[in-house]
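Scroll down for the structure; my scribbles are underneath it.
The values are calculated or read from the model by the stated rules, or taken from the named source; none is laboratory data. Source: prediction; values computed, not measured. Note: ideal-geometry Cβ built from the backbone for every residue, glycine included; neighbour counts use all protein chains shown.
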Amino acid sequence: MTYKLTTGWPKRIEDGAFINPESTEFKAWLAEGNTPEPADAPDLIEAIRAEIDQLERENLLPRVVREYMLLNAEMVAAANNLDPMENIGYRKVKELDLAIAALRSQLP
């Protein structure tokens, strides 16, 4: 595997997938002495917007859908005295939402 740094999460070059920098896969790759390729230097705002758009398209979860899913899962969990993080679907959508929020925080 080969990785490239981006304005957000590292990108796996072989398939273009964005990788959580905290993932076991990426950490192991770094521990083996590998170094990701440096990020390109395009316009930062456009690069961030493009990355957000790609993440939303890859996951088929635009912002309004993510927000609805998270709110609904949180309401159901609260009504049943459950922790929404125990739901794998909720966790995955929440992780994506947090990754996109981190990217949005970099926008002026």
Restrict the check to the range 36-45 and report whether at least one residue is buried (at least 16 other Cβ atoms within 10 Å of the Cβ), modelled with pLDDT under 95, touching a strand residue (DSSP E or B) at 6+ places or on another chain (Cβ under 9 Å) and not charged (D, E, K, R). yes
Residues in the range 33-43: is at least one assigned to a loop (DSSP other than H, G, I, E, B) and under 15 Å from the mean Cα position of the chain (by Cα)? no
Restricting to the range 19-57, count the residues that are touching a residue at least 60 places away in the same chain (Cβ under 8 Å) and either more than 16 Å from A99 (Cβ to Cβ) or of a type in the set (A, V, I, L, M, F, W, C) (or both). 2
Which numbered condition in (1) surrounded by 15 or more Cβ atoms within 10 Å (Cβ to Cβ); (2) assigned to a helix (DSSP H, G or I) is the only one that A78 fails? (1)
So, first residue at pLDDT 95 or above in the range 68-91, second residue aromatic (F, W, Y), Cβ within less than 9 Å, six or more apart or across chains; the pairs are M69/Y90; L70/Y90; A73/Y90; E74/Y90; A77/Y90; P84/Y90
